[in-house]
Amino acid sequence: MTREIRPAGGPMLAPHEVEENVATFMRATPVGRRWDVESIENWELADAGRLTEGQRSAVRFVTLIEDHLPGYFAQYHEHFPVTDDVEPQTYMHNRELYHFTVRWAAEEDTHARALARYQTASGLAEPEPLRAELAQEGSKRFSVPYEHAVQYFAYTLVQEKATQIYYQQLRDVVSDPVLKDLLGRLSRDEARHFAFMADTVELYVRRFGDRTVEPIREVIADFRMPLADTMRGYWRWALRIADTARYDHTDAYEHLVRVVSRAVETRSDKMEEMLRFVTSCRTVAQPAAR
Ligand SMILES: [Fe+2]
Ligand SMILES: [Fe+2]
């Protein structure tokens, strides 16, 4: 099936600005600090018997989410194409962004592979049924059709932060050390992915000011975590895993507010109103049910 190429529009950073943000991201993961599934040597100690029913369910859920990487990765090609579908200046922007995208995708793919490995090593799942389950959800189309470039970065900022927070909280409650170690690795990676998005959104707001307000407001107004609209039983599942560790993507909104606030010294009324709106979209904090 051929996919429609829908390049992102609106104001865009200059290629050299993307290059600088990518370099900052790369510096945060020098070769010696990268990891893959084979870096974890104690898979044979993984034991799903030490997990509660809710924790087992949470691992299965996040494996499905991470395993959708091909769909997320395809979005970058669709909206930031590195082809003659775009003007040379946009191509140069997209080519710089691509350096981030491939590294990010390799890391996310490792997350998917590591979680699947945990499932089979710990006795949570058998390889073939797991492969079939992942294929069923993984093959569904994922799409975030925004108009402005900054919207993709704002969306991903929230989503990476929400995932980081969830992995940290889940890590704090599980008693299988192999899973604890894995969740620590995942949350550190998501924190770096968030940092790249935060640097990018901050620069957008600094450079384009009020022109970014409405696009960012729109992202929050209809925010859905990835797969919320396609995964079978997503909401039931999301609620169930929230019993195990707090799972609320609106926890990430305060980080978006902070990023935007940091970007501008004097906020316009328009900007103030957007920040108030984002804050008002947060779920009223409930202490995590443990
Ligand atoms: Fe991930
Ligand atoms: Fe991530």
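The values are calculated or read from the model by the stated rules, or taken from the named source; none is laboratory data. Values in this document were obtained by computation on a predicted structure and should not be read as measured data. As a convention, Cβ positions derive from the backbone with ideal geometry for all residues, glycine included, and neighbour counts pool all protein chains shown.
I'm checking my understanding of the structure. Among residues of the range 255-272 that are touching a residue at least 12 places away in the same chain (Cβ under 8 Å) and of a type in the set (D, E, K, R), which one is farthest from Gln159 (Cα to Cα)?
Checking each candidate, the answer is Lys270.
For Val144, are the conditions met, namely being in contact (Cβ under 8 Å) with a residue 12 or more places away in the chain, outside any helix (DSSP H, G or I) and closer than 29 Å to His79 by Cβ?
yes
Would you point out the residue of the range 182-199, among those that are in contact (Cβ under 8 Å) with a residue 60 or more places away in the chain and closer than 16 Å to Ala58 by Cα, that is nearest to ligand 2 (Cβ to nearest atom)?
Leu186
Condition first: in contact (Cβ under 8 Å) with a residue 24 or more places away in the chain, surrounded by 13 or more Cβ atoms within 10 Å (Cβ to Cβ), out of contact with any Gly (no Cβ under 7 Å at 6 or more places or on another chain) and in a helix (DSSP H, G or I). Can you find one or more residues in the range 279-290 that meet it?
Looking for residues that are in contact (Cβ under 8 Å) with a residue 24 or more places away in the chain, surrounded by 13 or more Cβ atoms within 10 Å (Cβ to Cβ), out of contact with any Gly (no Cβ under 7 Å at 6 or more places or on another chain) and in a helix (DSSP H, G or I), one finds at least one in the range 279-290, hence yes.
Just checking, which of Asp47, Asp67, Asp109 is closer than 30 Å to Thr244 by Cα, of a type outside the set (Gly, Ala, Ser) and buried (at least 21 other Cβ atoms within 10 Å of the Cβ)?
That would be Asp67, the only listed residue that is closer than 30 Å to Thr244 by Cα, of a type outside the set (Gly, Ala, Ser) and buried (at least 21 other Cβ atoms within 10 Å of the Cβ).
For Gln89, only one of the following conditions fails: (1) of a type outside the set (A, V, I, L, M, F, W, C); (2) over 23 Å from Leu134 (Cα atoms); (3) within 16 Å of ligand 2 (Cβ to nearest atom); (4) in a helix (DSSP H, G or I). What is its number?
It is condition (3) that Gln89 fails.
In the range 154-201, which residues are hydroxyl-bearing (Ser, Thr, Tyr) and either at positive phi or not in a helix (DSSP H, G or I) (or both)?
Ser175 - this is the single residue of the range 154-201 that is hydroxyl-bearing (Ser, Thr, Tyr) and either at positive phi or not in a helix (DSSP H, G or I) (or both).
Keeping to the range 74-106, report how many residues are surrounded by 15 or more Cβ atoms within 10 Å (Cβ to Cβ), at pLDDT 95 or above and within 16 Å of ligand 1 (Cβ to nearest atom).
5
For (1) at pLDDT 95 or above; (2) of a type in the set (Phe, Trp, Tyr); (3) within 16 Å of ligand 2 (Cβ to nearest atom), each residue gets a yes or a no:
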{"residue": "Ala28", "(1), (2), (3)": "no, no, yes"}
{"residue": "Leu45", "(1), (2), (3)": "yes, no, no"}
{"residue": "Phe61", "(1), (2), (3)": "no, yes, yes"}
{"residue": "Asp67", "(1), (2), (3)": "yes, no, yes"}
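Please go through the range 145-183 and give me each residue that is more than 30 Å from Gly10 (Cβ to Cβ) and of a type in the set (A, V, I, L, M), ordered by number.
Once the filter is applied, which keeps residues that are more than 30 Å from Gly10 (Cβ to Cβ) and of a type in the set (A, V, I, L, M), the range 145-183 yields Leu170, Val173, Val174, Val178, Leu179, Leu182, Leu183.
Here are some conditions: (1) outside any loop (DSSP other than H, G, I, E, B); (2) out of contact with any Asp or Glu (no Cβ under 8 Å at 6 or more places or on another chain); (3) of a type outside the set (A, V, I, L, M, F, W, C); (4) away from ligand 2 (no atom under 16 Å from the Cβ). Asp109 meets all but one. Which one does it not meet?
(4)
Could you run through the range 111-140 and say how many residues are of a type in the set (Ser, Thr, Tyr) and at pLDDT below 95?
Qualifying residue count, the range 111-140: 1.
Residue pairs, Cβ under 7 Å, 6 or more apart or interchain, first in the range 88-105 and closer than 12 Å to Val18 by Cα, second more than 16 Å from ligand 1 (Cβ to nearest atom) and acidic (Asp, Glu). List them.
Glu96/Glu19
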